[in-house]
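Read through the structure below, which is laid out as structure tokens, and then see the notes.
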Amino acid sequence: MTLAAWLHNLDPILFHIGPIPIRWYGLAYLGGFLVAFFLIKRVCRVGVSSLKPENAADLVVSVAIGIFVGGRLGYVLFYQPSLLWEFEFSKDLPYWGAPFWGALAVNHGGMASHGGMIGGIIGCLYCARRFKHSSLYLIDLFAFSAPIGIFFGRCANFINGELLGRPCSPDFVFAVKFPQEMLDEMPTEQLYQIYDQLPPPQTIDTQLQYWDPTAIIDLVHRGNMVVTHAIDDFLTPRHPSQLYAAVMEGLIVFAVLAILWAKPRKPGTIAGTFAMVYAVMRILDEFFRMPDAHIMDQEFATLHITRGQWLSALLFIAGLIMFIAAQRSKKEPMGGWRGKEKQTGATDEHG
């Protein structure tokens, strides 16, 4: 039996509160930070920790700010430096005609995970200085909780139909067709072929004056079967690389860290392990993920290695150095999430 690739029709917006859209992507960040808070609080409560459980929120907030700033700056510097000098004039802005700096246009997407990690580390260093704690231990706490946030974020990437996977066989059991392909990946000639297959736009929506990719994608999200059937044959079956990343960069990395940190480890051990395991998982996932459209012609210029793989290789080296340095240090083990009595194998009653 031949399986047909599923046409992605998930709406990035869950619901509206008045004119404000509540997006899955924003909820993914919120969910990641909430889980991070409870994980960090547990380690502080039952493990060997100098950080009080009530200070876990301070660490999470500092890391969250660092992730947002670092993630955006990382995307601009690593993937699209042109945003530094791009300004937009739009009637949709709060003040008509006001310039909007491309580097701040997060509403158009663009966050780099490697930049977010750097920003999160800076947030940890700030808290370490403020509360007089071991900076490596706080970075360990950040690294321990980060994979769950990555899992949520990659699932949201899939719902958004962004970071598209590479083409695959239409018979592949997990093959997905993304209408978002029309925004960047699809040749203009093919777009016009789709427009020719569609009825006049006013017969579908009286507000439409002409066909464009954004309008078509919106109608797919709204469940319009006429538009959905018209574009189906023109879309490319692809790997759902976002879900691969959710499992590999999120769940697998967290499982490794949870096993390793069942008992206290020397500060820097968890962060170094995270960097190495995440880097390997990201390098593997890049084989299934399409490079960003604006750097497509640059990605394989050197040794056929993507930019994400280059950055991950550097991350792996940094993690290896941190891990080795942690094992050679004379600092006492810290952390652990199982509880002191389970770590030592004995309770206080038994001495």
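Each value in this text was obtained by applying a stated rule to the coordinates, not by laboratory testing. Treat the numbers as computed from the prediction; the structure is a model and nothing was measured. Neighbour counts are summed over all protein chains in view; Cβ atoms, including those assigned to glycine, are modelled from backbone coordinates with ideal geometry.
Annotation: extensible slack from Ile259 through Leu314 equals 17.3 nm (criterion: 0.36 nm per residue apart, minus Cα-Cα distance). Taking amide H as placed 1.01 Å from N in the peptide plane, Lys177 has its amide H under 5 Å from the amide H of Trp6, Leu7, His8, Arg238, each at least 5 places away in sequence or on another chain. Annotation note: chymotrypsin sites (Phe, Trp or Tyr not before Pro) in the stretch 1-34 located in DSSP loop regions with a Cβ neighbour count of at most 12 within 10 Å are absent. Measuring against 18 Å, Cα to Cα, the residue pairs Lys41/Lys330; Lys266/Lys331; Lys132/Lys263; Lys41/Lys331 contain Lys41/Lys330; Lys132/Lys263; Lys41/Lys331 as the ones spanning a longer distance.
Here the label points at Lys52 and Arg328, each 7 Å from Cα along the C-beta direction, are separated by 3.7 nm in the simple model. All other residues whose Cβ lies under 15 angstrom from that of Gly272 are scored, Lys and Arg at +1 and Asp and Glu at -1, for a net of +3.
Here is the list for the stretch 207-284: chymotrypsin sites (Phe, Trp or Tyr not before Pro) lying in DSSP coil, each with at most 16 other C-beta atoms within 10 angstrom of its C-beta, are Tyr210, Phe234.
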